[in-house]
1. Kindly list the number of the only condition in (1) open to solvent by 40 Å² or more (accessible area, probe 1.4 Å); (2) in contact (Cβ under 8 Å) with a residue 60 or more places away in the chain; (3) charged (D, E, K, R) that fails for residue 4.
2. What number of residues in the stretch 167-193 are buried (at least 17 other Cβ atoms within 10 Å of the Cβ), part of a helix (DSSP H, G or I) and touching a Leu at 6+ places or on another chain (Cβ under 8 Å)?
3. Can you pull out every residue in the stretch 25-43 that is in contact with a Gly (Cβ under 9 Å, 6 or more places away or on another chain) and open to solvent by 40 Å² or more (accessible area, probe 1.4 Å)?
4. List pairs: first in the stretch 210-230 and of a type in the set (Phe, Trp, Tyr), second crowded, with 24+ Cβ neighbours inside 10 Å and assigned to a helix (DSSP H, G or I), Cβ under 7 Å, 6+ apart or cross-chain?
5. One residue is enough: does the stretch 182-198 have a residue meeting the conditions within 16 Å of the ligand (Cβ to nearest atom) and not β-branched (Val, Ile, Thr)?
6. Answer yes if at least one residue in the stretch 103-110 is within 16 Å of the ligand (Cβ to nearest atom), at negative phi, modelled with pLDDT of 95 or more and not β-branched (Val, Ile, Thr), and no otherwise.
7. Could you please find all residues in the stretch 39-53 being over 15 Å from residue 82 (Cα atoms) and of a type in the set (Val, Ile, Thr)?
8. Is it the case that some residue within the stretch 199-206 is outside any loop (DSSP other than H, G, I, E, B), within 16 Å of the ligand (Cβ to nearest atom) and either in contact (Cβ under 8 Å) with a residue 12 or more places away in the chain or farther than 26 Å from residue 120 by Cβ (or both)?
Amino acid sequence: MLFDTHCHITSGSYTKDREDVIQRAFDAGMKYMMCPGTDVPSSAAAVALSHQYKEVYAAVGIHPEDAASATPEGFEQIRQWLKTEPKVVAIGEVGLDYYWPEPSHEIQQEVFIEQIKMALEFDMPLDIHDREAHGDTMDLLRKYGKGTRGVFHCYSGSLEMAEELIKMGYYIGFTGTMVFPKSTKLKRIAAELPIDRILIETDCPYLTPPPYRGKRNEPAYVQYVADEIARLRGMTTEEVRQITLENGKRIFGITGDEG
Ligand SMILES: [Zn+2]
């Protein structure tokens, strides 16, 4: 069974065929899907979808690219969901993204710090987005996030950084980008890390792996991430699917009885 630990199935890309996309995921052997928000409206949509499908879990949070939209009322809404929604299993996605010039690093950091503090307040894992901001992301976690846990989704750092993160209590998420033939560094990391700290994800509708690269991504394609990890580590894809499913259940505290 598969667990796509990071899929944006609330995205407008699926407005016309969301039910079919989710059905194809089940047909591919999907057990659970974790759908993160990127701002308050998309977090609300993720919570709503978690009510609709027992296999869908949600994360709520403000993405660094949406950091300028953060308000005290928005943070209060996120706190409410964390308090009252049993299928909200993480704060995310949150973090830093220095690829784009806006919002400013200062605004992104402020919003990230606020949500790191929430993770401690509610004892919830963080679903972290770190794009071209490894140094500051690690610094903020070391400074404000002692005792936090979670996942670095769509991992893009070094092997050494991944090893430090694992010591801190984090899991490492791999997407279709690791499947691309040229991703030799990521493949090495996926081959070497302890298998009990690896998660698989699509980050759909983005980052489509081969053989569908260039097309819209969807949760069913997380199987190709499992296949590649199996190939790299000399395991069967069934073993990788089972272990990454258990890993996802462990970090997000999923039992299947959340209602
Ligand atoms: Zn994402």
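The values are calculated or read from the model by the stated rules, or taken from the named source; none is laboratory data. The shown structure was predicted, so the numbers you read here are calculated from the model rather than taken from an experiment. Cβ placement follows ideal geometry from the backbone for every residue including glycine, while neighbour counts extend to all protein chains displayed. For the accessible areas, the whole protein counts, side chains as well, though only heavy atoms, and no ligand, DNA or RNA atoms are used. Shrake-Rupley method; radii C 1.70, N 1.55, O 1.52, S 1.80 Å.
1. Going through the list (1) open to solvent by 40 Å² or more (accessible area, probe 1.4 Å); (2) in contact (Cβ under 8 Å) with a residue 60 or more places away in the chain; (3) charged (D, E, K, R), residue 4 breaks only (1).
2. Selection size over the stretch 167-193: 6.
3. 31, 40
4. Matching pairs, first to second residue: 212/221; 221/176; 224/176.
5. No: zero hits.
6. Yes, that holds for at least one residue.
7. Once the filter is applied, which keeps residues that are over 15 Å from residue 82 (Cα atoms) and of a type in the set (Val, Ile, Thr), the stretch 39-53 yields nothing.
8. yes
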